[in-house]
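The next block holds one structure in the form of structure tokens; read it before the comments.
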Amino acid sequence: MYARVIGTGSCLPGKPVSNDDLVAQGIDTNDEWIVTRTGIRSRYLAEPGTLSSELGLIAAERALEMAGIAAAELDLIIVATSTPDFIFPSTACLIQGRLGNKGAAAFDVQAVCSGFAYALGIAEKFIASGSHRKALVIGAEVFSRILDWNDRGTCVLFGDGAGAVVLEAAERPGILATALHADGSQNGILNVPGQVCGGQVTGDPFLRMDGQAVFKLAVRVLVDIAEEVCAAAGIQTADVDWLIPHQANIRIIDATGKKLGIARERVIVTVDRHGNTSAASIPLALDEAVRDGRIRRGHKVLLEGVGGGFTWGAALLEF
Ligand code: UT7
């Protein structure tokens with residue numbers, strides 16, 4: 001049994017915020033530095049009070065509409081997020097409640113920017129085992145909440161948003177292969193080290209990153225895992241129709257595509273307009289390319305993420 005994508009959806013909050021808008025807000029940066037180092041030209045930032053569940057709900061409703069199924073038919077809901085509404089209940093349960101679904105298994109996955117790849121890999125296993133038939137997988141983030149707006153090395157990189165897919169059990173492909181990995185010894189290079197204790201946040205509640213260490217590791221693992229899932233499916237990386245890498249930095253995306261032999265025209269890029277939306281970046285890019293007609297039925301699509309933990313994951317789909 002295969003897990004087949006039958007609908008995609010996404011949601012970006014408010015209006016784009018350009019690099020010059022950030023300069024106008026007093027951040028010590030400039031458009032030239034951000035574009036040259038990252039490829040980012042703008043990002044979407046949620047209004048104060050807008051929650052991941054609200055963005056995820058809209059993306060989910062759009063994916064369900066494309067899939068042509070009712071929320072009540074879902075038997076599995078997984079949300080990938082590092083910016084959940086609450087410590088608990090899970091963002092998946094909050095979205096389930098608002099969708100009016102009762103009875104589906106619902107839980108969050110925490111794998112930072114690899115979160116969507118992890119959630120998709122988990123959902124695929126549930127469906128392939130025959131235990132579940134219709135799954136909603138969401139990546140939703142309000143990363144602007146965990147940014148230190150006095151740290152120009154990180155605050156210009158991220159944005160908010162959500163993306164979702166609906167999967168259905170099918171006898172024809174489907175997700176062809178998935179792979180998930182982590183190396184917890186690298187937990188210090190990208191983290192939010194704050195804790196909640198006795199009603200107070202203790203420690204540092206903002207995202208901290210060793211950008212160059214992340215950069216080097218990211219390219220290596222994105223190449224390795226792309227080769228791993230393609231080998232598992234019996235194809236060459238160059239045979240992939242579309243590569244959708246996590247959208248963190250155009251230089252990481254270009255280096256990865258080049259090493260895999262996948263031309264830039266076959267790489268879906270949204271980092272220039274969305275920034276890095278962590279677990280939302282892959283489903284946002286997927287939804288854009290499905291809706292504008294680039295990705296069509298029968299295409300082979302390679303999704304791959306990398307992020308804090310350190311984590312990395314990939315899925316190869318026949319769309
Ligand atoms: O999804 C999670 C995955 N995260 C990533 O993939 C991020 C991976 N890393 C990167 O994308 C890059 O390392 C960055 C874009 C974060 C940084 O690029 P870099 O080429 O590694 O720059 P750097 O951190 O070494 O900083 C170079 C210079 C510094 O100035 P000095 O010390 O050379 O005078 C920084 O102070 O750039 C300066 N700088 C800035 N200047 C203007 C750092 N941030 C900014 C900024 N605007 N926003």
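None of the figures in this text is laboratory data; all of them are computed from the coordinates on show. From a predicted model like this one, the values you see are computed outputs, not experimental measurements. Cβ sites come from the backbone with ideal geometry, for glycine too, and all protein chains shown count toward neighbours.
With contributions of -39500 (n - 2.57) from each DSSP H run of at least four residues, the per-residue ellipticity at 222 nm computed over the chain stands at -10000 deg cm²/dmol.
Amide H contacts of Leu176 (H built 1.01 Å from N, in plane; Pro and chain starts excluded): Leu316, Leu317, Glu318 sit under 5 Å, all sequence-distant by 5 or more or on other chains.
Overall, the chain carries a charge dipole of about 500 debye about its Cα centre when +1 sits on the Cβ of Lys and Arg and -1 on the Cβ of Asp and Glu, all other atoms neutral.
Could you tell me which helices of the chain pass both thresholds, a Cα extent of 20 Å or more along their own axis and a mean Kyte-Doolittle hydropathy of at least 0.0, with helices taken as whole DSSP H runs? The qualifying helices are 52-67, 211-233. Under 5 Å between amide hydrogens, built in the peptide plane, is the criterion, and for Gly161 it picks out Glu141, Phe143 among residues at least 5 positions away or on other chains. Among the lysines of the chain, pairs that are 8 or more positions apart or on different chains and have alpha carbons within less than 30 Å of each other number 11.
Applying both filters, DSSP loop and at most 10 other Cβ atoms within 10 Å, to the trypsin sites (Lys or Arg not before Pro) of segment 222-319 gives Arg297.
Residue ranges 229-235, 155-161 sort as 155-161, 229-235 when ordered by packing (mean number of other C-beta atoms within 10 Å per residue, highest first). Amide hydrogen proximity for Phe206: with H placed 1.01 Å from N in the peptide plane, the residues at 5 or more positions away or on another chain lying under 5 Å are Gly194. How about segment 1-108: which GluC sites (Glu not before Pro) there lie in a loop by DSSP and see at most 12 other Cβ atoms within 10 Å? Taking segment 1-108 and a limit of 12 other Cβ atoms within 10 Å, no loop GluC sites (Glu not before Pro) are found. Considering only Leu157, Pro13, Gly26, and ranking their Cα positions along the charge dipole of segment 2-171 that arises from unit charges at the beta-carbon of Lys, Arg, Asp and Glu, the one farthest toward the positive end is Pro13.
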